[in-house]
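What follows is a short report on a single structure.
The values are calculated or read from the model by the stated rules, or taken from the named source; none is laboratory data. The shown structure was predicted, so the numbers you read here are calculated from the model rather than taken from an experiment. Note that each Cβ is placed from the backbone with ideal geometry, even for glycine, and that neighbours are counted across all protein chains shown. Heavy atoms of the whole protein, side chains included, go into the accessibility calculation; ligands, DNA and RNA do not. Shrake-Rupley method; radii C 1.70, N 1.55, O 1.52, S 1.80 Å.
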Amino acid sequence: MTTAGWTYRVERYVERFGAFLTDEVAPLEEDLARQDVGTAFNPRLDEAGRMHPAVWEARREVQRRSAAAGLYAPHVPSGGGFTRAEMQHVEEFVYHRSGLGLGLAALAWTEGPNTAIEQCSATARERWLEPLLAAGITAAFANTEISVGTDVLAMETHAERDGDDWILHGHKAWITNAHFCDVIQVTAVTEPGAGTRSLSMFLVDATAPGVTRGRDIPTMLDDGLTGELHFDGVRVAPEDVVGEPGDGFALAMTWINWRRMARGGMCAGWGSWLLERAVERARTRTSGGRPIAEQQVVAHMLADMDLDVYTARAASLQIQTELDALPGGASGLPLHPEAPRLMSLIKLVNDEAFQRVADRAMQVHGGAGLRKGSPEEKLFRVARNLRIPAGTVEIQRNAIARGLLR
Ligand SMILES: Cc1cc2nc3c(=O)[nH]c(=O)nc-3n(C[C@H](O)[C@H](O)[C@H](O)COP(=O)(O)OP(=O)(O)OC[C@H]3O[C@@H](n4cnc5c(N)ncnc54)[C@H](O)[C@@H]3O)c2cc1C
């Protein structure tokens, strides 16, 4: 893994993160292994299909310790305020070093704070954002519905004013962390017919009257984290509106764009980890008395993996730097008109390159790559998944074309 382009802040972060993995995460991982409940990324599921509570608790403990060590949320202004280029280096390091281990939980994923929540009121900051930054609580982003995914503005969840408060009704589906979240970042229609100003974003207490957690939606990720949420006349105070009423679509895009940009470091880190494992396998696995690496067809698979990892990484890093240089950066409200195309380029190049990398990694490993629970098998499923959430690859092409034709 190259350190070219690392700033002093990244160097310091990476050094401390490495020590954190050894000193704090490794003992917790050993503890988890003794409990026979699966691993952080291949957990056992409970009878309702949710992640085994012991695995969830191990992840939570890592998050709390990581927050206390100042490592949890460098991507948000209140957690470190790293640039996107710095975040790509951090994410690449974390995914490469952690692989599929418990250590991955130490860098906030969608259950942690995000740049959209940063737009909340002072009251909500104290109630929700500060505890999220400390990893004392976790969040879920609830945008998708059973009948509405891509077509966000057609959502049915809605909220009406009641005095200063809002009353929320609706049903969200495919929500990561639906089962465990403490606060839900919900998008809902507040002004029907107002186009991109028709939605607002609310911070909803997951234990508030009228909120129910629905069924688990089992996916090929097999992680027991995706589910449904119901809102039946939930009262929301005005200070729990994020930004202003009508900002919901832009804020939802801020959240979604964060996940798009995070593909750069994630796929570079996991991609180079898979490549190293494939090189090792090709060197040590023999056929006809010779390492399979001596078969040109296998060596070419390694070369093609390197090509995909390198080009997606380089393109993403260049784009993150361009995003950092835009007025308002990568999460300005309103977002700079050049930004959506650039963010979609990151997601598209990584989703498609990583799918090829994961496929070849499996092929080099032969049957061992297909073995359930192997890193190759799990990351093949992850790679296939990546092309759908946070906007499908088709939608990224739409956004890129829109940017070009603007
Ligand atoms: C594991 C997982 C976790 C998720 N986590 C969350 C979460 O935490 N929060 C949340 O809100 N959502 C979440 N989602 C939902 C996810 O964001 C949606 O699945 C995704 O946006 C696609 O929407 P859809 O499934 O309704 O597909 P559809 O919109 O039905 O799309 C189906 C197909 O039609 C194509 N298509 C649709 N519209 C167009 C168009 N206008 N132009 C071209 N092609 C089009 C799509 O590209 C796709 O190929 C998650 C999904 C999964 C699988």
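Can you find, within region 128-147, the residue that is farthest from the ligand (Cβ to nearest atom) among those that are part of a loop (DSSP other than H, G, I, E, B) and in contact with an Asp or Glu (Cβ under 7 Å, 6 or more places away or on another chain)?
Kept after step one, since they are part of a loop (DSSP other than H, G, I, E, B), are these residues of region 128-147: 134-138, 143-147.
Among the residues that remain, those that are also in contact with an Asp or Glu (Cβ under 7 Å, 6 or more places away or on another chain) are: 137-138, 145.
Numbers: Ile137: 16, Thr138: 12, Glu145: 8 Å.
Of everything passing the filter in region 128-147, Ile137 is farthest from the ligand (Cβ to nearest atom).
Among the small types (Gly, Ala, Ser), open to solvent by 20 Å² or more (accessible area, probe 1.4 Å) and on the phi > 0 side of the Ramachandran plot, is that true of Gly163? Before you say what the answer is, go through the steps one by one.
Values: among the small types (Gly, Ala, Ser): yes; open to solvent by 20 Å² or more (accessible area, probe 1.4 Å): yes; on the phi > 0 side of the Ramachandran plot: yes.
Spelling it out, Gly163 is indeed among the small types (Gly, Ala, Ser), open to solvent by 20 Å² or more (accessible area, probe 1.4 Å) and on the phi > 0 side of the Ramachandran plot.
Looking at Val94 and the list (1) under 21 Å from Leu32 (Cα atoms); (2) open to solvent by 20 Å² or more (accessible area, probe 1.4 Å); (3) touching a residue at least 60 places away in the same chain (Cβ under 8 Å), which single condition is not satisfied?
For Val94, the exception is condition (2).
Where residues in region 117-126 are open to solvent by 20 Å² or more (accessible area, probe 1.4 Å) and over 22 Å from Gly70 (Cβ atoms), which of them is nearest to the ligand (Cβ to nearest atom)?
Gln119
Does Trp273 meet the test of being open to solvent by 20 Å² or more (accessible area, probe 1.4 Å) and closer than 30 Å to Thr190 by Cβ? Quick ask: steps written out before the conclusion?
Working: open to solvent by 20 Å² or more (accessible area, probe 1.4 Å): yes; closer than 30 Å to Thr190 by Cβ: no.
Judged against the criteria, Trp273 is not a match.
Determine if region 44-51 includes at least one residue that is open to solvent by 30 Å² or more (accessible area, probe 1.4 Å) and assigned to a strand (DSSP E or B).
yes
Give, as residue ranges, the helices (runs of 4 or more DSSP H) completely inside region 296-406 that count at least 2 residues that are over 30 Å from Thr7 (Cα atoms), more than 16 Å from the ligand (Cβ to nearest atom) and open to solvent by 40 Å² or more (accessible area, probe 1.4 Å). It would help to see each step written out before you state the result.
Details: elements: 296-325, 339-365, 367-370, 375-386, 393-405.
Ranges flagged: 296-325, 339-365, 367-370.
Out of all the residues in region 73-88, which are open to solvent by 10 Å² or more (accessible area, probe 1.4 Å) and at negative phi?
Answer for region 73-88, where residues must be open to solvent by 10 Å² or more (accessible area, probe 1.4 Å) and at negative phi: His75, Pro77, Ser78, Gly79, Phe82, Thr83, Arg84, Ala85, Glu86.
With region 162-257 as the region, which strands (runs of 3 or more DSSP E) entirely inside it contain at least 2 residues that are within 30 Å of Phe380 (Cβ to Cβ) and within 14 Å of the ligand (Cβ to nearest atom)? Full working, then the answer.
Numbers: elements: 165-176, 183-189, 199-205, 211-216, 226-236.
Of the strands (runs of 3 or more DSSP E) lying wholly inside region 162-257, those with at least 2 residues that are within 30 Å of Phe380 (Cβ to Cβ) and within 14 Å of the ligand (Cβ to nearest atom) span 165-176, 211-216, 226-236.
Of the residues that make up region 18-34, is at least one outside any helix (DSSP H, G or I) and either open to solvent by less than 50 Å² (accessible area, probe 1.4 Å) or at pLDDT 95 or above (or both)? Steps first, please.
To start, the set of residues in region 18-34 that are outside any helix (DSSP H, G or I) comprises none.
No, that holds for no residue.
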